[in-house]
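Each remark here refers to the structure printed beneath this line.
The values are calculated or read from the model by the stated rules, or taken from the named source; none is laboratory data. Since the model is a prediction, treat every value here as computed from it, not as a measurement. Every residue, glycine as well, gets a Cβ built from its backbone with ideal geometry; the counts of neighbours run over all protein chains shown.
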Amino acid sequence: MLFNSIEFVLFLPIVFVLYWFVFNKSGRWQNLLLLLASYMFYGWWDWRFLLLIAFTTICTFASGVAIGVCYQKNEEVSRRNAKLFSSANIVVNLLILGVFKYYNFFVASFAKTFMGEGKIDSLLLDIILPVGISFYTFQALSFTIDVYRGKIKPSKDFVQVAAYISFFPQLLAGPIGRGEDLIPQYARRRVFLYEDGADGMRQILWGLFKKVVVADNCAVYVNQVWDSYQTHTGSTLLLAAILYTIQIYGDFSGYSDMAIGVAKLFGIRLKQNFRFPYFSRDIAEFWRRWHISLTSWFRDYVYIPLGGSRVGKWRIVFNTFVIFLLSGLWHGANWTFVVWGAYHAFLFLPLILLGKNKRFKDTVAENRLLPSLKECGQMLMTFMLVTIGWVIFRAESIEQAWNFVYSIFKSDLLSVPFIYVGTKRVLFFTCFALLIEWLSRCNNDYGISKLKSLPYWCNVCALYILIIIILEFAQGSQSFIYFQF
Amino acid sequence: MKKFVFRALLLLGIPFLLLVILYIVTDPFKTIRDFSLEYFDVTNRDYLSTELFLYNSQCINYDSFILGSSRCCGLNSYHWKKYLPDSSKQFVFQAWSETLTGIFQKLDFLDKNRYNIRNALIVIDIPGTFSSNQLPSETLSIKDWRISGQSEFMFQCTLCYNFMQKPSIWLRSIKGFLNDDKPYVSFDTISNDWNANNRCADLMAVPMQDSLNNCSNISREVFIKAVADYKSNVQEIAPVLITDDFEFMLIEIKNIFVKHKTAYKIIISPAPWQTNKAINPVDYKTLMSIFGNHVFDFSGKNTINEDYNNFTDPGHFGLRAGWTIIEDIYNSN
């Protein structure tokens, strides 16, 4: 069920009431309810998916317990065994992910290259990609690795681990949680705090606005242009590319906001996943602000173990490419994602090699209302580079991506783009959302978090205005882009 | 905790109750009060068609039906009458976004309630007619509960829910209720033909009516260019759309026609822009195998589709084209 569906609107209050009024005796009972609710939520998509997540959970839990037993013995052999258990769980989970997500892709690519078109069908598996597999697999791996590294104690409570892996707000599209952040929260009884509840509701509303008003309205224009991109002028294609950039942000960050908001209602704090990435002054800053849970996961569990930046130049180049290519591949089984990853690697590399990847650690125009001209230029440049990347990301093939980008510059770039009745509304809401986020950028929180400091009646008015806008201007069901990953 | 729950109930619950009361009092879709021609909106064509049919059939013995989606608007019962017995009484039993499920349910309704079906025209559009076998729930396309078999309570709940999702309707319904608005009736109150005022001007239908300029998705110039491109491009074929479920419904429709000894025609609608695709040969063969030479294919490239003057907007052929179609199908035998 989607967050913006009637089923979820009925599901959430029921789970909320049960959680705080019936199952609130202890953290264990709360975890049990969360587990049951999460499995019901996930099974709503397809009950067969439950078998896979259950298997992942059992393997993760078992490996955690086994590592714990090994560490108790405190011998060299035991430490080696701990590594073995940890590696085994990583391999098993990545194998599952690989088979479901990448088998057909790699086999088809291999067969097409070496065996010709005719042989492909017989080699492919007839399997569906379980929703959210990339997210919960990484979350499970985080638990195992954190236990192995000693950052958290292995849990002997299966329900706790299962609830951690399957927690429904973040199950389908993140944010990807970390064992060291979340397991301590599941280990204790959660107590309801009014401020968390109210803040959660605000964040859900803001996420819903970004998704159904901004992203879905952009999608109408974007899809229309992409379906017949060969017939449109360069200016139209550029507008479509920019609106897709907004769409993917609204879609994904909107979902993240909803997930974080829903988690707050249950007393679970998830980490922020986006920090106003389109106000970044360079690509390095962009990647510190975009899909933070994934980029930090790759940094902590792949990049740093490979040596990070504390190695020779060529090794840094190699490490950087590995991270970005893996990140691209994580998003989907298509060469366009790999090329997208490589594209960002090429943009990132000069910064890291010159040691300029950490120059913008503060927020742009901090303590000022308007950015300087230089900052504007930097943001615009970064935005355009990212936009081109999203064209590659969205395309169905590399050829299509190239044709689209080429067509932007080939013809009529300065002409008036194709505008239909809905376009003005799209542009209005996009500007509105960006303005709100610009004004909130220093808060390090979601867009309308500043309402917290305003009187109650302001919050109520804002709530009703936002609800009315969402009801009136929501587009009919566009699925979340990141569900396909 | 209690403070949070209390405030949530207050802030969300009271507006919810107010909206339910507003819905019942203002009756924005005119589905609560008893049917009256003076107090009728055309929001839901399926509901309108059913109400009008049941209202009129108390004194009119309808026996000739045009069924289909908004694509039927180009077919006029006054054209059709020329080829029917003098005693026949026509009714356009139409619905917006009608699918085969809706068409089948209407015929089933007529059959079960012992109405005569002496003549029938079914308009199939590619891919709309075969787009889904699920019942729609949007305000414009939800099925009348007597046709769909849904309970009246669920029907009203669905409309109430749709009402709550559109703040612009709240204001309009309050305004309409306070002003006691009488809606503009744009359908024929006997035959249910759409655009009643235009029926006498059918032969002189104005090409490319102004409605095209107000079309939400495309400009007039783009449409003209699209038709020109359509003429020069290779014809695209729609994918196979008739599933087992749809095939079953088609067979049931045929059985109803056989039972009523219906003189029927199946028209595959022309539509050059919204679909740009001709019916798939597999689907055509399926239709032919069930209905034989009662099937007339106007999809794909033909003289109707290649003249933009035949369309009132990119997806709907006008009365002039409708007249041509009727002439064609009755003179081809």
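Here is how the numbers come out for the structure above:
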quantity: Residue pairs meeting the criteria (Cβ under 7 Å; at least 6 apart or on separate chains; first hydroxyl-bearing (Ser, Thr, Tyr), in segment A:344-373; second not in a loop (DSSP other than H, G, I, E, B)); calculated: A:363/A:441; A:363/A:442
quantity: Residues of segment A:234-267 classified as within 14 Å of chain B (Cβ to nearest Cβ) and surrounded by fewer than 22 Cβ atoms within 10 Å (Cβ to Cβ), total; calculated: 1
quantity: Residue tally, condition in a loop (DSSP other than H, G, I, E, B) and among the β-branched types (Val, Ile, Thr), over segment B:61-98; calculated: 0
quantity: Helices (runs of 4 or more DSSP H) contained in segment A:103-153 and holding at least 1 residues at pLDDT 75 or above; calculated: A:103-114, A:133-148
quantity: Options B:29, B:16, B:6; residue that is away from every other protein chain (no Cβ under 14 Å) and either in a helix (DSSP H, G or I) or under 22 Å from residue B:145 (Cα atoms) (or both); calculated: B:29
quantity: Flag if residue A:309 is surrounded by fewer than 21 Cβ atoms within 10 Å (Cβ to Cβ), of a type in the set (Ser, Thr, Tyr) and assigned to a loop (DSSP other than H, G, I, E, B); calculated: yes
quantity: Residue in segment A:211-233 that is closer than 26 Å to residue A:331 by Cα, within 14 Å of chain B (Cβ to nearest Cβ) and outside any helix (DSSP H, G or I) present; calculated: yes
quantity: Given (1) surrounded by fewer than 19 Cβ atoms within 10 Å (Cβ to Cβ); (2) in contact with a helix residue (DSSP H, G or I) (Cβ under 7 Å, 6 or more places away or on another chain); (3) of a type outside the set (S, T, N, Q), number of the condition residue A:182 does not satisfy; calculated: (1)
quantity: Residue B:170 being at pLDDT 75 or above and within 14 Å of another protein chain (Cβ to nearest Cβ); calculated: yes
quantity: Selection status of residue A:462, under 30 Å from residue A:333 (Cα atoms) and either of a type in the set (Gly, Ala, Ser) or surrounded by 13 or more Cβ atoms within 10 Å (Cβ to Cβ) (or both); calculated: no
quantity: Residue in segment A:38-46 that is touching a residue at least 24 places away in the same chain (Cβ under 8 Å), farther than 28 Å from residue A:127 by Cβ and surrounded by 15 or more Cβ atoms within 10 Å (Cβ to Cβ) present; calculated: no
quantity: Residue tally, condition small (Gly, Ala, Ser) and more than 14 Å from every other protein chain (Cβ to nearest Cβ), over segment A:174-210; calculated: 5
quantity: Any hit, segment B:32-41, residues being more than 14 Å from chain A (Cβ to nearest Cβ), touching a strand residue (DSSP E or B) at 6+ places or on another chain (Cβ under 6 Å) and surrounded by 13 or more Cβ atoms within 10 Å (Cβ to Cβ); calculated: no
quantity: Cβ pairs under 8 Å, 6+ apart, first in segment A:170-181 and free of Cβ contacts under 8 Å to residues at least 60 places away in the same chain, second of a type in the set (Phe, Trp, Tyr) and part of a helix (DSSP H, G or I); calculated: A:179/A:143; A:179/A:164
quantity: Leading residue by the ranking (nearest to the other protein chains (Cβ to nearest Cβ)) among those in segment A:445-464 that are part of a loop (DSSP other than H, G, I, E, B) and in contact with a Leu (Cβ under 9 Å, 6 or more places away or on another chain); calculated: A:448
quantity: Single match in B:83, B:23, B:47 (criterion: under 30 Å from residue A:202 (Cβ atoms) and hydroxyl-bearing (Ser, Thr, Tyr)); calculated: B:23
quantity: Residue within segment A:427-444 that is surrounded by fewer than 17 Cβ atoms within 10 Å (Cβ to Cβ) and within 14 Å of chain B (Cβ to nearest Cβ) present; calculated: no
quantity: Residues satisfying the stated conditions in segment B:143-165, i.e. outside any helix (DSSP H, G or I), within 14 Å of chain A (Cβ to nearest Cβ) and surrounded by 17 or more Cβ atoms within 10 Å (Cβ to Cβ); calculated: none
